[in-house]
Structure formats: structure tokens, C-alpha cells
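J.: Have a look at the structure that comes next, please.
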Amino acid sequence: MGTVVAFTPSGFVTVRCLSERYAAEGTAVRDASGRLEGRVVRVFGPVARPYLLVRPRRVPSPIDAASLLSAEVRRG
């Protein structure tokens, strides 16, 4: 589905889609290791490769957030 590119100060995760196909708002997402689970709350940006704003079930610690940068996420 996409790659984690940033974490917002309020704890949301920004994901860059791999193509123009994206998950709809409300879709569950997770990374391969299961450290990140959440739901898409917003789709924004260019149509070719939009960004997804994901609300995680729990806000990752700064160490977890750093290790999740560039991680692949998928529908969960």
C-alpha cells in the first residue's frame, strides 16, 4: 500500500502510496512486524501517488517512530 514518511507532533502517521491506488478512509493498516496498527483518516496530495494520514491505535514512542520510518504498510 505505501511507505511511512513522517510522524506528526499529534501522533498521526503519514504514508506515501506506491501508486494511484489507495486505501479509502476508515481502512485498517499495519506494518509487516505488527508494531504499527491504525486506520486511514485522510487521503490528500497528488492523484498519482497520494498521501494517507493514519491514526495509530497507540502513539509510537520516539524510538519506535524512528525505526518505522521507511517501513512498508499494508491493509490490515
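J.: Within region 38-76, track down each residue that is farther than 17 Å from residue 9 by Cβ, over 9 Å from the mean Cα position of the chain (by Cα) and not hydrophobic (A, V, I, L, M, F, W, C).
T.: Once the filter is applied, which keeps residues that are farther than 17 Å from residue 9 by Cβ, over 9 Å from the mean Cα position of the chain (by Cα) and not hydrophobic (A, V, I, L, M, F, W, C), region 38-76 yields 45, 46, 49, 50, 57, 67, 70, 75, 76.
J.: So, one more: I'm told residue 59 meets every condition in (1) touching an Asp or Glu at 6+ places or on another chain (Cβ under 9 Å); (2) part of a loop (DSSP other than H, G, I, E, B); (3) among the hydrophobic types (A, V, I, L, M, F, W, C) except one. Can you identify the failing condition by its number?
T.: Tallying (1) touching an Asp or Glu at 6+ places or on another chain (Cβ under 9 Å); (2) part of a loop (DSSP other than H, G, I, E, B); (3) among the hydrophobic types (A, V, I, L, M, F, W, C), residue 59 fails exactly one: (1).
J.: Of the residues that sit in region 47-66 and are of a type in the set (Gly, Ala, Ser) and in contact (Cβ under 8 Å) with a residue 12 or more places away in the chain, which one is farthest from residue 19 (Cα to Cα)? Lay out the reasoning, then the answer.
T.: Here is the first cut: in region 47-66, the residues of a type in the set (Gly, Ala, Ser) are 48, 61, 65-66.
Next, only the ones that are in contact (Cβ under 8 Å) with a residue 12 or more places away in the chain stay: 48, 65.
Details: 48: 6, 65: 24 Å.
Result: 65.
J.: Applying the selection to region 12-28, what residues are of a type outside the set (A, V, I, L, M) and touching a strand residue (DSSP E or B) at 6+ places or on another chain (Cβ under 7 Å)? Quick ask: steps written out before the conclusion?
T.: So the first thing to find is which residues in region 12-28 are of a type outside the set (A, V, I, L, M), and the list is 12, 14, 16-17, 19-22, 25-27.
Residues satisfying the conditions are 12, 14, 16, 17, 22, 25, 26, 27.
J.: Then there's this: Only residues in region 20-46 that are over 14 Å from residue 64 (Cβ atoms) count as the first member; pair them with residues that are surrounded by 14 or more Cβ atoms within 10 Å (Cβ to Cβ) and of a type in the set (S, T, N, Q), Cβ under 9 angstrom, at least 6 apart or cross-chain, and list the lot.
T.: Qualifying pairs under 9 Å: 39/27; 40/27.
J.: Turning to a different aspect of this structure: Looking at 47, 43, 5 in this structure, which one is modelled with pLDDT of 90 or more and either in contact with a Lys or Arg (Cβ under 6 Å, 6 or more places away or on another chain) or crowded, with 18+ Cβ neighbours inside 10 Å (or both)? Working first, answer last.
T.: Values: 47 fails: either in contact with a Lys or Arg (Cβ under 6 Å, 6 or more places away or on another chain) or crowded, with 18+ Cβ neighbours inside 10 Å (or both); 43 fails: either in contact with a Lys or Arg (Cβ under 6 Å, 6 or more places away or on another chain) or crowded, with 18+ Cβ neighbours inside 10 Å (or both).
Criteria check complete, one pass: 5.
The values are calculated or read from the model by the stated rules, or taken from the named source; none is laboratory data. Keep in mind the model is a prediction, meaning the values are calculated, not measured. So basically every Cβ, Gly included, is an ideal-geometry build from the backbone, and we count neighbours across all protein chains shown.
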